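The values are calculated or read from the model by the stated rules, or taken from the named source; none is laboratory data. What you are looking at is a predicted structure, and each value in this text was computed from that prediction instead of being measured. Backbone-built Cβ (ideal geometry, glycine too); neighbour counts: all protein chains shown.
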Amino acid sequence: MASNTNGSQLGQLDARGTSWYIDKLAQVLFFVGGVSAIIFIVGIFVFVAREGLGFIVGKFDFVEFFTSPRWVPTSEVRETYGALALIVGTASVTGMAMIVAIPFSLGAAIYIGEFATGKTRETLKILVELLAAIPSVVWGFIGLTIMNALIIDLFDVPIGLNILNAGLILGLMAAPIMTTIAEDALKAVPDDFRQAAEAMGATKWQVIRRVVIPAGRNGLVSAVLLGIGRGFGETMAVLMASGHAVQFPDGIFDSVRALTATIAAELGETAVGSDHYGALFTLGILLFLVTFVINLTADIVVRRGDRRRR
Amino acid sequence: MSLFAATDRTVRSRRVQRQVRVLFGLMTVLLIIPVLIILALLVVRGGPMISTEFLFEFPTQGMTAGGIFPALLGTIFLVATALLFSVPLGVAAAVYLSEYAPDNMLTRLINLAIINLAGVPSIVHALFGVGAFVLFFGFGTSILAASLTLAIMTLPVVIVATRESLQAVPLAFREACWSMGATRWQTIRRIVLPNAISGILTGVILEVSRTAGETAPIMFTGAAFFLPFLPETILDQTMALSLHLFVVSTQVPHVPDALPYGVALLLILIVLFMNALSIGFRVYLRGRKRW
């Protein structure tokens with residue numbers, strides 16, 4: 001066949017008409033959408049770090065920041081930016097929350113995922129989902145009013161805004177999310193595993209304890225990690241329910257102040273570019289990095305579980 | 001003793017199984033009951049506040065009386081503006097992940113970024129909003145800056161819901177379309193998106209609920225404690241229902257007890273209604289799915 005005919009036939013096949021270009025354009029736009037998540041997460045770090053940079057290269061004292069409990073950003077004599085009491089505050093409230101949330105949410109996940117059936121299961125799942133939807137500021141309000149009065153009455157303490165209050169509120173907030181993730185992790189365990197164990201005569205609980213939980217362990221661990229991350233980063237509820245006092249707590253009835261709450265309470269009063277302003281952004285960098293590590297760890301744990309199962 | 005009688009061991013393990021079942025069932029109930037009691041208390045204490053005057057009047061006497069109209073309207077403005085950004089972007093991201101993305105490092109990074117967008121504390125999103133939109137891009141404290149902050153924060157909600165509903169469309173649908181000579185984009189537009197639209201809508205409703213309840217991200221980016229007038233442009237500040245609850249319950253002296261309960265009840269009703277709508281929609285769709 002003559003080469004010129006061949007060429008024109010190929011040319012027809014290779015007709016890059018309007019629809020081809022539209023298709024390419026769509027692909028590029030979707031790609032931009034996909035990559036936007038990465039751009040935003042990098043953007044968050046860059047912009048928060050940019051505002052905090054002036055403080056970090058200037059007044060920032062690494063040792064004081066992590067070892068001094070004195071957070072005194074407005075002082076006539078000398079401002080000190082010690083975040084230790086705030087770190088302890090965040091840790092104690094998150095710890096309290098996890099004491100409540102971990103057993104209850106794992107128990108609820110096992111009940112919903114393995115024991116409950118049909119309508120009961122659907123209803124419980126929907127209820128848990130609705131619980132997860134209650135806004136943080138409403139939880140804070142509940143801590144400030146209902147929980148505060150309850151703690152004062154029950155334990156005969158002067159103030160009900162303390163670690164116990166914020167921890168319980170945070171636990172109730174984190175539990176529905178942890179329950180949902182943990183239940184997903186249990187659901188991901190193949191039914192073959194359960195059937196094989198049941199065929200050996202195991203009771204449901206034996207199946208759960210010996211087969212389902214070990215097989216879904218990584219998913220459960222990541223559910224707990226994400227719950228911790230959630231508690232760690234919660235802002236409004238902790239601000240309103242923890243009492244907001246900079247101090248080392250002696251017990252669960254002491255008020256504390258969290259890292260997140262400090263930013264929320266003080267940012268409005270600072271002048272842009274001041275040391276105090278920069279210090280608050282530095283707290284933001286710390287929060288960002290810690291939650292990033294927690295999320296990354298949760299992701300790696302899940303991935304490792306997937307690979308092992310395959 | 002009959003051959004098939006339960007041995008002691010079996011009896012014991014069955015008893016343990018029953019006890020465990022009851023224990024975990026109780027834990028589930030204990031997780032839900034306190035919240036139901038709290039909701040009931042909100043209804044009892046806040047219910048009497050809700051009236052047409054409460055919904056459609058300005059706050060008066062230093063926010064200790066009157067209604068919450070500017071806050072309610074502000075929340076609607078903020079949510080609507082945020083959706084304008086997050087829905088197109090979130091759907092695009094989900095289409096990329098579901099229809100185009102190869103299983104490589106970049107895709108893994110995108111997924112990690114989405115998890116982190118959802119996991120970064122809301123107050124850090126607020127700091128980002130201040131650093132980027134208020135200061136760097138010069139939007140000032142405005143509806144625009146607050147909405148953009150909210151949009152980025154709630155982007156994962158749209159992405160995750162959309163991706164799930166796109167992946168639920170069977171591959172055979174796409175293959176049938178490709179084999180007719182359609183391009184990828186034609187397939188997405190004519191086959192994939194129409195079949196997934198209801199799932200996407202479920203995600204959007206869910207995002208409305210999330211966005212309406214957020215407080216920290218808008219505190220310093222565009223929501224004001226009190227404004228005696230309504231915003232006129234997208235570069236004005238606005239009041240918002242969630243921040244209003246914070247303000248009347250912590251910042252303003254001599255607020256009558258019932259007032260913040262009324263605000264809390266209204267906020268929670270909006271959020272739960274949107275969620276119930278989204279759930280009901282999902283259940284309805286599952287019932288009439290054709291494949």
Candidates A:P103, A:P135, filtered to the one that is surrounded by fewer than 22 Cβ atoms within 10 Å (Cβ to Cβ) and not aromatic (F, W, Y): A:P103
Selection from the stretch B:245-291 of residues small (G, A, S) and either within 8 Å of another protein chain (Cβ to nearest Cβ) or under 30 Å from A:E122 (Cβ atoms) (or both) yields B:S249, B:A264, B:A276, B:S278, B:G280, B:G287
With respect to A:V221, is the statement that it is surrounded by fewer than 19 Cβ atoms within 10 Å (Cβ to Cβ), at pLDDT below 95 and in a helix (DSSP H, G or I) true? yes
In the stretch A:73-89, anything touching a strand residue (DSSP E or B) at 6+ places or on another chain (Cβ under 8 Å) and under 24 Å from B:F128 (Cα atoms) is listed as A:P73, A:Y81, A:G82, A:A83, A:L86, A:G89
Taking A:L283, is it free of Cβ contacts under 8 Å to residues at least 40 places away in the same chain and either assigned to a helix (DSSP H, G or I) or in contact with a helix residue (DSSP H, G or I) (Cβ under 8 Å, 6 or more places away or on another chain) (or both)? no
Residues of the stretch B:30-54 that turn out to be assigned to a helix (DSSP H, G or I) and without any contact (Cβ under 8 Å) to a residue 24 or more places away in the chain, as a count: 14
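Scan the stretch A:279-288 and tell me whether some residue there is away from chain B (no Cβ under 11 Å), modelled with pLDDT under 90 and farther than 27 Å from A:I159 by Cβ.
no
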For the stretch A:144-166, does any single residue satisfy the condition of being more than 9 Å from chain B (Cβ to nearest Cβ), out of contact with any strand residue (DSSP E or B) (no Cβ under 6 Å at 6 or more places or on another chain), under 19 Å from B:V43 (Cα atoms) and not aliphatic (A, V, I, L, M)? yes
Odd one out for B:A216, checked against (1) buried (at least 23 other Cβ atoms within 10 Å of the Cβ); (2) modelled with pLDDT under 90; (3) aliphatic (A, V, I, L, M): (2)
Enumeration of residues in the stretch B:170-188 that are out of contact with any helix residue (DSSP H, G or I) (no Cβ under 8 Å at 6 or more places or on another chain) and surrounded by 17 or more Cβ atoms within 10 Å (Cβ to Cβ): none
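Within the stretch A:115-139, which residues are facing chain B (nearest Cβ under 7 Å) and either within 20 Å of the chain's Cα centre (by Cα) or touching a residue at least 12 places away in the same chain (Cβ under 8 Å) (or both)?
Across the stretch A:115-139, the qualifying residues are A:F115, A:L124, A:E129, A:L130, A:L131, A:A133, A:I134, A:P135, A:S136, A:V137, A:V138.
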Quick check on the stretch A:242-261. Is at least one of its residues more than 10 Å from chain B (Cβ to nearest Cβ) and in a helix (DSSP H, G or I)? no
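Against the condition buried (at least 24 other Cβ atoms within 10 Å of the Cβ), more than 24 Å from B:A240 (Cα to Cα) and within 14 Å of chain A (Cβ to nearest Cβ), how does B:Y100 come out, does it pass?
On the way: buried (at least 24 other Cβ atoms within 10 Å of the Cβ): no; more than 24 Å from B:A240 (Cα to Cα): yes; within 14 Å of chain A (Cβ to nearest Cβ): yes.
Judged against the criteria, B:Y100 is not a match.
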Starting from residues that are of a type outside the set (S, T, Y) and within 16 Å of the chain's Cα centre (by Cα), keep the ones in the stretch A:74-95 and report whichever is farthest from the other protein chains (Cβ to nearest Cβ). A:G95
Given the options B:L117, B:L112, name the one that is touching a residue at least 12 places away in the same chain (Cβ under 8 Å) and surrounded by fewer than 24 Cβ atoms within 10 Å (Cβ to Cβ). B:L117
